[in-house]
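Participant: Supplied in structure tokens, the structure appears directly below.
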Amino acid sequence: MQCKFTVMDMDERSTNLMPSTYIGRSEILADIVLIILLTALVFGLAYHPYFFGDELMAHRLAIKSDYSFTSIFQGLNGYKPRLVFNGILALLAEWQVSRLVYAALLVGYMVWINVLLYGAVRYLFNGGRVLAWLLIAVVITSRYGTMLYFDYVSGLVELLSTSLLLSMLLLSWLAWGTGFRWWYAVAALVASILCVFVHERYIAGLLAAGLAIALAECLGSAAERRILVVGWALSLGFVPLFLFALANETLGSLPMTTGAAGQRVMLGGDTLWSALTYSYNVFLGGNYGHEWFWGHYNHLQSVGKIMGFGTVACTIILLVVVVLRKELAWHSRWLVAGLLALAIALIAIASLPGPSHQAARYMFPVGILVAIAWIIMVTNVWRYVGIGLILAINIMYLLLGSYDSISSVYSSRAANSVAGSLLGVMPNGRSGLVVGNNDDFWSIGGGAAFDMGPRQGDTFSKVNLKSSVYIDPFVEGRAFDPALYDFGLAFNGFGPHRTARYRLVSVDTALVLAGISDVENLPVNTVLGSRDTWAEWQWNEQPNQIEGAVALRAGTEGWRALPVVALDGRWLVYRARAKSGARVPMRLQVNWHAKQDNRFLSAMIEVVYPNETWNSYVTLLKAPPGAGIGYVYATLHEGVQGVVELKSVELK
């Protein structure tokens with residue numbers, strides 16, 4: 001007895017292959033042009049010309065091999081035989097193209113994805129122009145894919161593999177939807193093979209898709225074509241798996257069980273937890289995950305908790321309303337089940353490295369599949385409501401700047417900040433040490449996955465700075481010669497959008513900031529306060545002097561004005577001790593005033609706690625823009641009791 005249900009009734013599939021209303025060619029062309037322009041604009045907003053992080057690896061292989069494609073390609077395949085992805089990277093490195101070419105490729109892949117989705121919504125799912133554009137907006141603003149606009153290696157992997165996956169699904173539908181057309185079937189198989197050779201994690205999804213098609217074929221098609229179609233469907237997953245395993249063995253790559261960061265993946269409780277939290281995020285709109293992968297407003301951040309629970313509540317309410325109103329296209333349930341099986345397979349494979357490598361970008365294709373499933377399964381205006389909710393969630397995180405805390409985003413901006421500042425204002429000397437920001441080991445130094453050269457910043461300097469300047473990030477535990485360096489670059493906090501800021505300092509200062517030298521070893525530049533110079537200070541009340549040290553009590557204030565050029569970039573060193581046994585808080589303070597009218601701009605205050613022994617208390621001075629005068633203060637912190645003896649104030 002033959003069971004007679006399939007993914008859709010055959011007649012319904014034929015009907016839904018064409019839109020219910022005529023779509024003009026001019027309308028389609030106009031929309032495609034708009035997709036291209038919008039995509040290029042978004043990539044342009046994040047673009048800068050400096051390679052960083054994982055983007056440096058292919059360049060390092062190119063430098064070592066004198067730009068030989070074969071050597072670069074072999075080096076990349078030593079990790080995983082991603083022949084398509086590695087081939088593209090090797091060609092780009094051999095040709096020494098600018099980062100703009102990488103950006104153009106990613107624009108092309110994103111356009112490819114959105115044009116496929118536009119066509120599917122309008123021709124296969126009988127959706128209108130507004131619905132198609134809502135889905136495109138969801139993809140472009142995807143909170144899972146924000147970092148792809150900044151990190152071009154990750155972008156190349158995710159966007160190319162996603163475009164090939166969606167192409168495989170569309171070609172499979174065209175091959176199998178009405179009758180069986182071998183041309184589309186072969187093209188779908190080729191797309192699946194190419195997809196796996198971009199990233200092997202899609203093997204699980206392709207196996208799930210093939211099994212879903214084979215199952216539907218067994219349950220609903222005529223017996224005379226069943227064997228051929230089932231064989232083809234299974235080949236969509238098993239042929240890429242076999243070919244990738246063969247390539248992995250032939251090229252001597254790392255084992256297929258090697259996951260992110262070269263770690264061996266293992267099944268366990270962590271895997272299940274990762275899968276559950278991924279599912280919570282992508283199916284319900286949650287925000288569970290590490291800040292450096294998911295953004296600032298995650299499940300640990302106070303406002304992020306409210307946002308996550310709120311979006312999950314809205315999603316659940318919407319699902320309940322749709323079910324109660326019977327707005328489900330029940331005849332499409334098997335197609336939706338197949339898409340969700342594919343999504344779950346992708347989640348499962350992404351979960352293998354565990355929570356420590358739970359990256360949002362792995363959910364980029366999954367989010368698209370979930371949105372497609374909603375459009376297919378839900379009817380009438382509720383299609384728009386669901387896609388609109390996803391878009392609203394994406395925009396909320398974008399407008400709040402949550403993505404600023406994603407590691408690839410702020411590392412990209414840090415590389416731009418460092419390289420741009422060095423090329424804009426050339427320092428004195430050609431070799432610099434970058435200190436103060438641990439993330440520079442990856443963003444400038446390329447991390448530890450590859451040998452990045454005799455110096456950690458060798459590749460970054462050659463590719464981005466054209467060897468006019470060499471810079472190295474300080475890496476604790478890595479041997480280096482301080483005599484190599486002419487200047488230092490010190491991390492100076494974050495600017496808008498968590499953009500790392502740096503400033504030029506002396507090598508001695510850089511070594512102090514790195515913790516491998518001491519301020520006491522630096523030469524004194526100027527003695528501001530001492531037995532011989534306290535008379536040059538102004539006091540609100542004359543302090544007592546004890547063997548050349550001034551006694552600071554509550555309410556006592558002294559100050560000395562100096563031009564900013566004498567202060568900026570110097571170490572300010574107070575030599576002090578507490579008179580009594582209690583630790584008494586004392587300020588290291590400089591008030592900055594404007595150059596033109598002596599108007600107060602800002603104060604730099606650091607509170608220290610001297611004890612009964614003489615110690616040095618130091619701070620590194622950084623003048624704000626527009627400052628012309630700095631007033632160096634000698635004073636205790638407000639509202640304290642006790643006496644501090646201040647022996648000297650020096651600049652180093």
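Participant: Are there any pairs with C-beta distances below 8 angstrom linking a residue in the range 464-482 that is at pLDDT 90 or above to a residue that is exposed (fewer than 13 other Cβ atoms within 10 Å of the Cβ), with the two at least 6 apart or on different chains, and if so which?
Facilitator: Close Cβ pairs (under 8 Å, with a partner that is exposed (fewer than 13 other Cβ atoms within 10 Å of the Cβ)) amount to VAL469/MET426.
Participant: Here are some residues: TYR410, TYR384. Which one is touching a strand residue (DSSP E or B) at 6+ places or on another chain (Cβ under 9 Å) and over 17 Å from VAL282 (Cα atoms)?
Facilitator: Going through TYR410, TYR384 in turn, the sole match is TYR410.
Participant: Here's something else I'd like to know. For the subset of the range 301-328 comprising residues that are surrounded by 15 or more Cβ atoms within 10 Å (Cβ to Cβ) and free of Cβ contacts under 8 Å to residues at least 12 places away in the same chain, which member is farthest from ALA360 (Cα to Cα)?
Facilitator: Of the range 301-328, the ones surrounded by 15 or more Cβ atoms within 10 Å (Cβ to Cβ) are 301, 304, 307-308, 311-312, 314-315, 318-319, 322, 327-328.
Then keep just the ones that are free of Cβ contacts under 8 Å to residues at least 12 places away in the same chain; that gives 301, 319.
Values: GLN301: 17, LEU319: 24 Å.
Per the stated criteria, the residue is LEU319.
Participant: Could you tell me which of the residues GLY447, GLY493 is in contact (Cβ under 8 Å) with a residue 60 or more places away in the chain and under 27 Å from the mean Cα position of the chain (by Cα)?
Facilitator: The unique qualifying residue is GLY447.
Participant: Tell me which residues, restricted to the range 505-525, are touching a residue at least 60 places away in the same chain (Cβ under 8 Å), assigned to a loop (DSSP other than H, G, I, E, B) and in contact with an Asp or Glu (Cβ under 9 Å, 6 or more places away or on another chain).
Facilitator: ALA514, LEU522, PRO523, VAL524, ASN525, listed by residue number.
Participant: Follow-up. Please state which one of GLY304, GLY367 is under 20 Å from the mean Cα position of the chain (by Cα) and under 13 Å from ILE390 (Cα atoms).
Facilitator: Residue meeting the stated conditions: GLY367.
Participant: Can you work out which of the residues in the range 353-385 that are over 22 Å from MET147 (Cβ atoms), of a type in the set (A, V, I, L, M) and part of a helix (DSSP H, G or I) is most open to solvent (accessible area, probe 1.4 Å)?
Facilitator: Here the answer is VAL381.
Participant: Does the range 475-488 contain at least one residue that is over 23 Å from MET147 (Cα atoms) and hydroxyl-bearing (Ser, Thr, Tyr)?
Facilitator: Kept after step one, since they are over 23 Å from MET147 (Cα atoms), are these residues of the range 475-488: 475-488.
Filter again for hydroxyl-bearing (Ser, Thr, Tyr), leaving 485.
Yes, the conditions are met somewhere in the range 475-488.
Participant: Something else now. Out of the residues in the range 574-614 that are among the aromatic types (Phe, Trp, Tyr) and over 22 Å from ALA554 (Cβ atoms), state the one that is surrounded by the most Cβ atoms within 10 Å (Cβ to Cβ).
Facilitator: TRP592
Participant: Of the conditions (1) touching a Phe, Trp or Tyr at 6+ places or on another chain (Cβ under 7 Å); (2) farther than 25 Å from SER421 by Cα, SER71 fails just one. Which one is it?
Facilitator: For SER71, the exception is condition (1).
Participant: For residues that are open to solvent by less than 50 Å² (accessible area, probe 1.4 Å) and over 18 Å from ASP451 (Cβ atoms), scanning just the range 87-101, find the one that is nearest to the chain's Cα centre (by Cα). First the steps, then the outcome.
Facilitator: As a first pass, look at the range 87-101 and keep what is open to solvent by less than 50 Å² (accessible area, probe 1.4 Å): 87-90, 92-93, 97, 99.
Narrowing the set further to residues that are over 18 Å from ASP451 (Cβ atoms) leaves 87-88, 92, 97, 99.
Working: GLY87: 24, ILE88: 22, LEU92: 22, VAL97: 23, ARG99: 17 Å.
Restricting to residues being open to solvent by less than 50 Å² (accessible area, probe 1.4 Å) and over 18 Å from ASP451 (Cβ atoms), the top hit is ARG99.
Participant: For the condition touching a Gly at 6+ places or on another chain (Cβ under 7 Å), among the hydrophobic types (A, V, I, L, M, F, W, C) and assigned to a helix (DSSP H, G or I), what is the one hit in LEU335, LEU339, LEU346?
Facilitator: Just a single option satisfies the conditions, and that option is LEU346.
Participant: Scan ILE63, ILE35 and give me the residue that is out of contact with any Asp or Glu (no Cβ under 7 Å at 6 or more places or on another chain), open to solvent by less than 50 Å² (accessible area, probe 1.4 Å) and within 30 Å of TYR123 (Cβ to Cβ). So that I can check it myself, show each step before the final result.
Facilitator: Working: ILE63 fails: within 30 Å of TYR123 (Cβ to Cβ).
Going through ILE63, ILE35 in turn, the sole match is ILE35.
Participant: Can you tell me how many residues within the range 128-155 are over 14 Å from the mean Cα position of the chain (by Cα) and either crowded, with 22+ Cβ neighbours inside 10 Å or among the aliphatic types (A, V, I, L, M) (or both)?
Facilitator: So the count comes out to 10.
Participant: Out of curiosity, is TRP571 at pLDDT below 95, surrounded by fewer than 16 Cβ atoms within 10 Å (Cβ to Cβ) and under 21 Å from VAL512 (Cβ atoms)?
Facilitator: In short, no.
The values are calculated or read from the model by the stated rules, or taken from the named source; none is laboratory data. What you are looking at is a predicted structure, and each value in this text was computed from that prediction instead of being measured. Heads up, the Cβs are rebuilt from the backbone with ideal geometry, glycines too, and the neighbour counts pull from every protein chain shown. The area values use the complete protein model at the heavy-atom level, side chains included, leaving out ligands, DNA and RNA. Shrake-Rupley method; radii C 1.70, N 1.55, O 1.52, S 1.80 Å.
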